[in-house]
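Asker: Below is one structure. I have some questions about it.
Derivation of every value follows stated rules applied to the coordinates shown; laboratory data play no part. Everything quoted here is computed from the prediction, not taken from an experiment. Positions of Cβ are backbone-derived with ideal geometry, glycine not excepted, and every protein chain shown enters the neighbour counts.
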Amino acid sequence: MINSAHPTARGIAPGALLWAGGSCSGLSSQLQDRATAAANWGARAVNLSWGSSAALSPGINDRFFDDMVLNRHVFVVKSAGNRAGPCQGDAKITSPGLAYNVLTAGGYDDRNTNDWTDDIMDDCSSYVDPTSAHGDREKPEVVAPSMNIVSTLTDGTIGNIGSGTSWASGLITAAAALLMQRLPRCSSGRRRSRPS
């Protein structure tokens with residue numbers, strides 16, 4: 001979805017340099033290690049399409065990725081999770097999507113049409129807001145298509161790859177890569193003062 005070697009379906013950000021990493025066992029320490037390695041390699045955006053059940057307040061993973069955004073200047077996008085409605089969950093945002101500085105991506109169903117008026121929220125997309133002292137934290141902050149996603153398959157063809165907020169977070173990460181390509185200062189990691 002982000003970048004593909006397919007001759008015509010090249011992905012949303014075909015010029016992006018793409019690395020994939022993770023943990024076969026889903027250990028937080030391994031996932032944090034791979035995200036740190038990506039930042040060390042020069043990644044300016046990280047897509048997190050994994051998550052753990054959580055209370056409604058930020059935990060260790062949330063704090064780790066908050067630190068990555070604030071101190072490593074890496075843009076982090078996290079899938080909201082698929083814990084609502086027919087997916088039989090509690091609809092809570094999965095960690096590290098509870099982080100203060102991580103952009104959490106929910107999903108919607110575009111009904112496979114170009115008309116926006118028939119779009120609806122994905123029934124499975126998590127949406128329960130984290131707790132906060134003033135009740136003012138809202139997650140997810142952004143949504144993208146997450147139902148019946150069509151993309152390149154491992155055999156080189158194009159087809160339906162599934163549904164879920166993992167696809168929405170990938171689409172948003174790709175859009176961020178395009179923005180960084182167009183406006184390199186967005187990925188410089190330096191904070192700029194406002195012009196007077």
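Asker: Compute the projected area of the convex hull of the Cα atoms of segment 30-128, averaged over all viewing directions, and report it in nm² to one decimal place.
Answerer: Over all viewing directions, segment 30-128 projects a mean Cα-hull area of 7.3 nm².
Asker: Tell me, in nm to one decimal, what length is gained between His73 and Trp19 on full extension, where the rule is 0.36 nm per residue of separation less the Cα-Cα distance?
Answerer: Result: 17.7 nm gained on full extension.
Asker: Still on this structure, I have one more. Only Cα pairs within less than 10 Å get springs; with that Gaussian network setup on the chain, which residue of Leu98, Leu48, Leu153 has the largest fluctuation?
Answerer: Leu153
Asker: Only Cα pairs within less than 10 Å get springs; with that Gaussian network setup on the chain, which residue of Met121, Met147, Met68 has the largest fluctuation?
Answerer: Greatest mean-square fluctuation among the candidates belongs to Met121.
Asker: Please list the non-local residues whose amide H lies under 5 Å from the amide H of Leu48, H modeled 1.01 Å from N, same-chain partners needing a gap of 5 or more.
Answerer: Amide H neighbours of Leu48: Val77, Lys78, Ser79.
Asker: Turning to a different aspect of this structure: Of the candidates Asp109, Asp118, Asp67, which one comes out as most mobile in a Gaussian network treatment of the chain with C-alpha springs shorter than 10 Å?
Answerer: Asp118
Asker: Label Asn112 and His6 with points 7 Å out from Cα along Cα→Cβ: what is the distance between them in nm?
Answerer: About 1.5 nm, to one decimal.
Asker: Put +1 on the Cβ of each Lys and Arg and -1 on the Cβ of each Asp and Glu in the chain; which of Leu183, Gly15, Gly26 then has its Cα farthest toward the positive end of the dipole?
Answerer: Projecting each Cα onto the dipole axis, the largest value belongs to Leu183.
Asker: So if I place +1 on the C-beta of Lys and Arg and -1 on the C-beta of Asp and Glu, and nothing else carries charge, what would the dipole magnitude of segment 1-140 be about its Cα centre? I want it in debye, nearest 20.
Answerer: With only Lys, Arg, Asp and Glu charged at Cβ, the dipole is about 620 debye.
Asker: Under a crude label model (7 Å from the Cα following the beta-carbon direction), how far is Leu179 from Asp123 in nanometres?
Answerer: According to this spin-label approximation, the distance is 3.2 nm.
Asker: Using each residue's phi in segment 38-50, evaluate 6.51 cos²θ - 1.76 cosθ + 1.60 at θ = phi - 60° and report the 3J(HN,Hα) Karplus result to the nearest Hz, with x for Gly and Pro.
Answerer: 4, 4, 5, 6, x, 4, 9, 9, 10, 9, 10, 10, 9
Asker: How would you classify the chain from its alpha-carbon gyration tensor, with a ≥ b ≥ c the square roots of the eigenvalues: rounded for a/c under 1.5, else prolate if a/b is greater than b/c, otherwise oblate?
Answerer: The shape class here is rounded.
Asker: In addition: Can you give the longest stretch of the chain with no exposed loop site, where a site means chymotrypsin sites (Phe, Trp or Tyr not before Pro) in a DSSP loop (not H, G, I, E or B) with at most 16 other C-beta atoms within 10 Å?
Answerer: Segment 101-196 is the longest.
Asker: Can I ask one more? Quick test of your reading: applying the under-4.7 Å Cβ rule, which cysteines of the chain are isolated?
Answerer: If one checks each Cβ against the other cysteines of the chain, Cys24, Cys186 turn up with nothing under 4.7 Å.
Asker: Which value in nm describes the separation of the simple spin-label points at Ile158 and Asp90, placed 7 Å from the Cα toward the beta carbon?
Answerer: Going by the 7 Å Cα→Cβ label model, 4.2 nm.
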